[in-house]
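Every number here is computed from the coordinates shown, using simple stated rules; none is lab data. Bear in mind that the values here come from a model prediction, so they are computed numbers and not experimental data. So basically every Cβ, Gly included, is an ideal-geometry build from the backbone, and we count neighbours across all protein chains shown.
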Amino acid sequence: MPPLDLFPALIIPMTVSVWLIDGAQGGKRRSKAASLISSGLEAARDGWWLGFGFFVASLWWLGAAFLVEADQFAWALPLGVLGLPAGLAFFISLGFFISRLLWSSGAARVLALAVGLGLSEWLRAVVLTGFPWNSLGMALGGNLVLGQSASLVGLHGLTILAIALAAAPATLSDIKKGGKVRAPALGALLALMGLSAFGFVRLGQGEAVLEPGIKLRLLQPNLQQDAKFRAEAMPEILSHYLSLSDRATSPASSGINDVTHLVWPESPFPVVLSDSVEALRRISSFLPPGAVLVTGAVRRETSGGGRAASNRYFNSMQVIESGGSITASYDKVHLVPFGEYLPFGHFVESLGIKQFVHVPGGFEPGPKRTALRVPGLPLVSPLICYEAIFPGEVTPDLPSAEGAGLLLNITNDGWFGLTPGPYQHFAQARLRSVEEGLPLVRAANTGISAIIDPYGRVIGSLPLGQEGVLDGPLPKRIDPPLFARFPLLAPFALWTVALAGALALRRRRYG
């Protein structure tokens with residue numbers, strides 16, 4: 001996983017997975033069914049331990065968020081660093097169990113593992129709002145060349161391919177049983193070469209076509225996370241944003257007067273922006289005529305009046321035009337559990353647990369994914385924070401003639417410091433461009449901010465932990481690739497082929 005991106009390393013755990021399931025015999029039972037279930041449970045046990053190790057190793061950086069306000073949250077650090085991996089490991093455990101039910105020998109068991117783990121990884125992406133972070137398919141998706149196949153089968157399809165390719169060398173241990181055992185490993189090598197060839201051909205289609213007349217400027221303020229909790233710091237924070245947004249970066253970009261669209265990251269203010277008349281006035285006087293600001297902000301809805309009044313808060317993306325008015329908003333739909341809201345709220349609160357954001361009662365989710373209309377830009381598909389990690393869910397349902405023209409991702413990875421987390425987040429967001437055939441504009445508080453073309457190529461970026469602004473053009477969208485048109489069909493078809501292959505080879509083996 002990023003920032004290392006060493007795809008061959010996946011061969012080790014997938015090979016071990018095959019051998020672990022090989023060894024899950026279940027002991028002697030009175031019936032074949034009982035023996036099969038017993039061996040499945042034995043495999044599931046081993047799968048849990050492998051999954052636990054994988055998630056601890058790839059998600060340890062979540063602990064950094066508990067140290068931002070250590071006096072309040074440090075006690076819960078083990079829950080994030082060990083508790084979450086312990087829960088996620090049950091998906092790998094389930095994958096091992098399903099695989100063992102389909103198990104046989106030779107190439108069949110490689111396909112069985114791809115079917116079982118492929119299904120459990122998909123379930124991880126959808127169960128309890130889903131958490132597809134560091135799906136096994138990112139072993140391929142993190143590589144720009146190999147990741148081009150996501151345009152056909154998406155992340156979940158890449159997961160099936162990655163498991164099968166990485167597990168195939170396990171069959172070389174069967175060398176004493178005959179020469180044919182080399183076939184799975186050789187087939188995997190040829191398939192990897194095919195994926196590489198497809199990627200090189202797709203990336204060789206020339207540079208992206210640019211939208212005319214659009215000059216983007218992305219702000220990366222690199223603001224320390226704890227500063228955002230103090231409302232009294234609002235004037236100082238806004239001054240920093242305005243000063244940095246007007247920074248000259250080159251003779252061709254002398255400041256804000258050369259910019260058509262300015263983008264600030266997620267939740268940059270410690271107050272509700274629409275309530276701050278002074279902040280809106282300063283932004284209005286700062287923006288040149290015709291320029292537009294797209295920024296993260298907390299949005300509040302108030303219902304009732306007097307003492308009966310109640311407030312609902314949303315994590316939003318808002319559009320501010322040069323007149324100083326907020327002309328459009330999008331409310332985040334996919335909230336982060338425990339970060340932005342508490343599952344089973346009252347019960348969890350009774351245990352002394354609270355969400356990280358300083359909003360009474362936490363955020364409310366937006367009702368549905370909607371497009372954001374920003375003057376001067378193609379129709380925007382807004383993505384706040386980790387909404388960008390869900391394949392097939394990043395664009396709103398729109399008539400084909402009015403499809404989104406870009407993905408706009410604002411995020412605040414400042415919770416996680418200089419750890420692998422922001423690199424992993426960036427890689428997953430970039431893969432959405434490949435899947436959807438859309439450019440990605442990404443503004444992050446501490447990085448990584450970037451402009452990415454619809455093939456996943458980075459046109460410009462700012463590194464993690466660096467203050468600055470990024471100027472650049474907006475690439476045009478391309479025709480929707482296969483996955484964008486059929487986000488469920490392509491990965492399901494690949495999974496079905498793997499299942500049919502596993503069953504056919506198993507039947508031929510056992511009659």
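Summary table
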read-out: Point-charge dipole on Cβ atoms (K/R +1, D/E -1) for segment 444-487, about Cα centre, debye to 20; value: 240
read-out: Positive-pole candidate from Ala291, Ala498, Gln148, dipole of the chain, charges at beta carbon; value: Ala498
read-out: Ser239, Ser250, Ser329 arranged by Cβ crowding within 10 Å, fewest neighbours leading; value: Ser250, Ser239, Ser329
read-out: Cleavage-rule hits, trypsin sites (Lys or Arg not before Pro), segment 1-85, DSSP coil, Cβ neighbours within 10 Å at most 14; value: Lys28, Arg29, Arg30
read-out: Highest-first arrangement of 375-383, 460-468, where packing means the average Cβ count within 10 Å; value: 375-383, 460-468
read-out: Electrostatic dipole magnitude of the chain [Cβ: Lys, Arg +1; Asp, Glu -1; Cα centre; debye, to 20]; value: 2400
read-out: Cα→Cβ-extended label distance, 7 Å offset, between Leu482 and Ile37, nm; value: 4.0
read-out: Ranked by how many other beta carbons lie within 10 Å on average, peptides 271-277, 471-477, 96-102, 404-410 from highest; value: 404-410, 96-102, 471-477, 271-277
read-out: Axial C-alpha extent at least 24 Å, average Kyte-Doolittle at least -1.0 - helices from the chain (DSSP); value: 32-59, 84-101, 107-126, 182-203, 489-510
read-out: Footprinting exposure proxy for Tyr330, Tyr313 (fewest neighbouring C-beta atoms within 10 Å first); value: Tyr313, Tyr330
read-out: Dipole-positive endmost among Val277, Ala427, Phe363 within the chain (Cβ charges, Cα centre); value: Ala427
read-out: Fewest-first ranking of Leu4, Leu494, Leu218, Leu223, using other Cβ atoms within 10 Å as the exposure measure; value: Leu4, Leu223, Leu494, Leu218
read-out: Helix-derived mean residue ellipticity, 222 nm - over the chain, DSSP H n ≥ 4, -39500 (n - 2.57), to 500; value: -12500 deg cm²/dmol
read-out: Gyration tensor (Cα) of the chain, equivalent ellipsoid semi-axes in angstrom; value: 44, 27, 19
